[in-house]
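*Asks:* Supplied in structure tokens, the structure appears directly below.
The values are calculated or read from the model by the stated rules, or taken from the named source; none is laboratory data. Remember, it's a predicted structure, so these values are computed and weren't measured experimentally. Glycine also receives a Cβ, built like all others from the backbone with ideal geometry; neighbour counts cover every protein chain displayed.
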Amino acid sequence: MPLSQRALRAAAALSLALAVPGAGFASPPPESPATQLEALERELVAAIARGDLVAYDRIVADDYVAFQASGAESTKAQIMASYRAGSLHYTGLEIFDVEGRVFGDTGVVSAKTKGLRREGDHDVPNRVRYIRVYARRDGRWRAVAQMAAVVPERPEP
């Protein structure tokens, strides 16, 4: 068979495989809701590190409340005001050990962060383990609560 006919047949077979569901190339499996939450949490922490209040506002619900490791309680409005004023800022913020769990329209992400947190006029270590609660509202996940605990520094072995 001449080369041009073989090329035409190969192109036709490829077109047919792509047009028939289940034939040819497999599409990637959809992300699980837990994986979606983990990605959203990473996006939120990256926005916090950059000081991106537009992304923060999009991900965090207006009725959000955070319980800091110190025991202090802050609302979304208070947190955003602190970011705008420059009294709250993060340097070198990293997230790790991210794990999401979904229970219907509620999701919980546990994670750890490290870096420095600017409080007032000084930087303090920000090594925390936390959980953040998400609620599915109007078809999308929104952060609604967080609770953090300080992770003590361990001496190097």
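*Asks:* Please state which of the following conditions H89 fails to meet, knowing it meets all the rest: (1) more than 17 Å from the chain's Cα centre (by Cα); (2) farther than 18 Å from A46 by Cβ; (3) not hydroxyl-bearing (S, T, Y).
*Replies:* (2) is the only condition that H89 fails.
Yes/no matrix, rows are residues, columns are (1) surrounded by fewer than 18 Cβ atoms within 10 Å (Cβ to Cβ); (2) closer than 18 Å to E41 by Cα; (3) out of contact with any Ser or Thr (no Cβ under 8 Å at 6 or more places or on another chain):
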| residue | (1), (2), (3) |
| --- | --- |
| K76 | no, yes, yes |
| Y83 | yes, no, yes |
| E94 | yes, yes, no |
| A111 | no, yes, yes |
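*Asks:* Sticking with this one: Tell me which of these R101 doesn't satisfy, since it passes every other one: (1) surrounded by 16 or more Cβ atoms within 10 Å (Cβ to Cβ); (2) in contact (Cβ under 8 Å) with a residue 40 or more places away in the chain.
*Replies:* Checking R101 against (1) surrounded by 16 or more Cβ atoms within 10 Å (Cβ to Cβ); (2) in contact (Cβ under 8 Å) with a residue 40 or more places away in the chain, the one that fails is (1).
*Asks:* Which one is surrounded by the fewest Cβ atoms within 10 Å (Cβ to Cβ) among residues in the stretch 113-133 that are assigned to a loop (DSSP other than H, G, I, E, B) and of a type outside the set (S, T, N, Q)?
*Replies:* Ranking the candidates gives D121 first.
*Asks:* In contact with a Lys or Arg (Cβ under 9 Å, 6 or more places away or on another chain) and modelled with pLDDT of 65 or more: does that describe D63?
*Replies:* Taking the combined requirement at face value, the residue satisfies it.
*Asks:* Show the residue pairs that are 6+ apart or on different chains and have beta-carbon atoms under 7 Å apart, the first residue being within the stretch 68-97 and touching a residue at least 12 places away in the same chain (Cβ under 8 Å), the second being among the polar types (S, T, N, Q) and surrounded by fewer than 12 Cβ atoms within 10 Å (Cβ to Cβ).
*Replies:* Pairs that qualify, where the first residue is touching a residue at least 12 places away in the same chain (Cβ under 8 Å) and the partner is among the polar types (S, T, N, Q) and surrounded by fewer than 12 Cβ atoms within 10 Å (Cβ to Cβ): there are none.
*Asks:* In addition: Going by what's in this entry, would V109 be described as within 17 Å of the chain's Cα centre (by Cα), closer than 17 Å to W141 by Cα and assigned to a strand (DSSP E or B)?
*Replies:* When the stated conditions are applied, V109 passes them.
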